């Protein structure tokens, strides 16, 4: 998988203060980490860069689900910017990889959450602290929630839809609130695996279309990098849903793999336009595709032949001064999955641009939706700096002059080359000023660097390039320890997984040979991005990861962990089993089904740790907890009072809270079934498995 990972640098002004925000290197590394662990890929080739979006380019007033006007970060604006970047880079790079995915990630450090969107080759989503998010109770494999969120949005770029729960008819078996797209999803409630069989009970009246779920042969998720939970139970849910406890199902895994295998053939079959001048046209549809507004339009001088748009009901028409049609290109609007009910549709086409064009039109059939007239004079631009011979080891300021004889508003795009102009990377777009400062840490080092500036007046585009090459010094790599968690405690002889990330602006993702692990107590531990050790001596260790790039530059990251000589040093840890309950009762029966909930201290293996004091409660009148408080270990009886319940499916939760602040919530589902449908069964006691 080739991934262009864009850290979205954005601003927000509150009062008279403007602050800028961007994701941390560790948050980017955790996205890469999750994709490697979950996706059907042998390698991940990730290239990190930044894109700067001022507040006006990423925020917009929209209506929320309740019809209120809210000021929010907008992923569709990020996606449009990345689509423009991709179209430019496809035209300017002869070795462009068309299967590459572009993903933009925006931190929630501003206090604002950017709901993700994805489609085509473009996606974007948020990131932030997992512990303080609403997902913190289950999302413990990394420090941020942006990892699996990226897996969801990038999944949309392989046409993976939101799963409609298997057996879904109406409000029963609803999944987790996602709009239902993929009705082929094989498992109920978007869980990750199981050969569930459904029997339609065929009842009439208000309780018709009832389904009986028989015991399944279940699939489990397995984390190949041995991170966090390692094995994910069948009650975990698919990453393409909106549910908690997300991993990837066999269905989604195989679907993405099939798309990856087929994509090369699809790309090869794509219709290509001729070499020559092209024009990129971007815009926005409104009023359910009845109106349109043209946004950025850029001419591209003499690229190789580009893929033509996917044909559709709309067309981009190019006309001369006498209104003669010079060319017409049918296209399909861009729409990004996960959008709200009032979805936004966009214009994104790159088409050949013949001589003599005076007017660009967007039409639906014969209906004109939007147009732009080509002005008489192209803009003038002159790149001032860097223009050749300079040497940079800090942020680089690009400066230029630009003017237009027609008085048109001008926008600039800045490109960067490390190979004297053979290939180009787009660093900034939509600039209305005459200079921009580029973050040195995001620029690959080179002694053959060049800058190119493209200036558009709305259609006409002029470019200027550095007269000579200049030098940007190389960088040390970025290192991040992903596991173990900081300040964690383990027991002597316990296997500890050391897992790190190494990235270099020049080299990309670094190989295993670049990683070296050390302990300040025990010395050298070994090499590799992952290392399992079980020989750590008792005491406090500062674990250091040292990463070395191809040029010999080194960077390190450290975490402190404690290795205890005996189990009395380990804090108690609440364990409740089972994690979910599915119960059944016969309608009208006075028999009260029961089930036993096991409440334990998972770290009680020494037999001398202090018991955990706990409290338990149910949020449903039909589900009672026989013992509402106590100290571990306990087996607590749950009793179902179903005699007054009608046929149907009921949901409840049992919450167990320990005095150390830990809390576990056990979802309970009850099916009230007709007489003679429910098989007899005895109560079952579930015990947690505690392994060392």
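Bear in mind these aren't lab numbers, they're just calculated from the coordinates by the rules spelled out. Everything numeric in this text was worked out from a predicted model, so none of it was measured. Note that we place each Cβ from the backbone using ideal geometry, even for glycine, and neighbour counts take in every protein chain shown.
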Distance between modelled label sites at residue 137 and residue 289, nm, 7 Å Cα→Cβ extension: 4.2
Can you compute the label reach from residue 527? Point 7 Å from Cα along the Cβ direction, backbone N cut-off under 14 Å, restricted to the stretch 486-521. 511-518
Under the rule of -39500 (n - 2.57) per DSSP H run of 4 or more residues, summed and divided by the residues of the chain, what mean residue ellipticity at 222 nm is obtained, to the nearest 500 deg cm²/dmol? -3000 deg cm²/dmol
Difference of contour (0.36 nm per residue) and Cα-Cα distance, residue 242 to residue 628: 135.8 nm
At R0 = 51 Å, how high is the FRET efficiency between residue 620 and residue 513 if r is their beta carbon distance? Nearest 0.05 is fine. 0.35
Estimated FRET transfer efficiency (residue 447, residue 403; beta-carbon r; R0 30 Å; 0.05): 0.35
Projected area averaged over all directions for the convex hull of the alpha carbon atoms of the stretch 574-673, nm², comes out at 6.0
Diffusion constant of the stretch 1-158 at 37 °C, which comes from Stokes-Einstein with the Kirkwood Cα-pair radius and 0.692 mPa s, µm²/s: 204
Final fewest-first order of 314, 113, 392 on the 10 Å Cβ neighbour count is 113, 392, 314
Contact order relative to length for the chain, counting C-alpha pairs under 8 Å separated by 6 or more residues, stands in percent at 8
Value of D in µm² per second that Stokes-Einstein yields for the chain, Kirkwood Rh from Cα pairs, at 25 °C (0.890 mPa s): 86
Cα gyration tensor shape of the stretch 343-431, rounded if a/c is under 1.5, else prolate or oblate by comparing a/b with b/c: prolate
Take the alpha-carbon centre of the stretch 478-527, take the same for the stretch 351-395, and report the distance between them in whole Å. 48
Expressed as an acute angle from 0 to 90° and rounded to the nearest 10, what is the orientation of the C-alpha long axis of helix 75-92 relative to the principal long axis of the chain? 50
Counted neighbours (other Cβ, 10 Å), sorted fewest up, put 26, 293 in the order 293, 26
Sort 437, 469 so the one with the fewest other Cβ atoms within 10 Å of its own Cβ comes first. 437, 469
Quick one: of the DSSP bridges fully inside the chain, what percent are antiparallel, nearest 5? 80
Using only Cα atoms, find the angle between the long axis of helix 250-268 and the longest principal axis of the chain, and express it within 0 to 90 degrees, rounded to the nearest 10. 20
Over the stretch 496-592, what is the relative contact order in percent, taking alpha-carbon pairs closer than 8 angstrom and at least six residues apart? 21
Quick check: pseudo-label points 7 Å beyond the Cα along Cα→Cβ at residue 99 and residue 184, how many nm apart are they? 2.0
Give the angle, between 0 and 90 degrees and rounded to the nearest 10, that separates the Cα long axis of helix 25-38 from the longest principal axis of the Cα atoms of the chain. 70
How far is the Cα center of the stretch 129-144 from the Cα center of the stretch 61-101, in Å? 26
When ranked by the protection proxy of mean other Cβ atoms within 10 Å per residue, highest first, what sequence do the peptides 66-73, 274-281 form? 274-281, 66-73
Multiply the residue gap between residue 497 and residue 423 by 0.36 nm, knock off their C-alpha separation, and tell me the result in nm, one decimal place. 22.6 nm
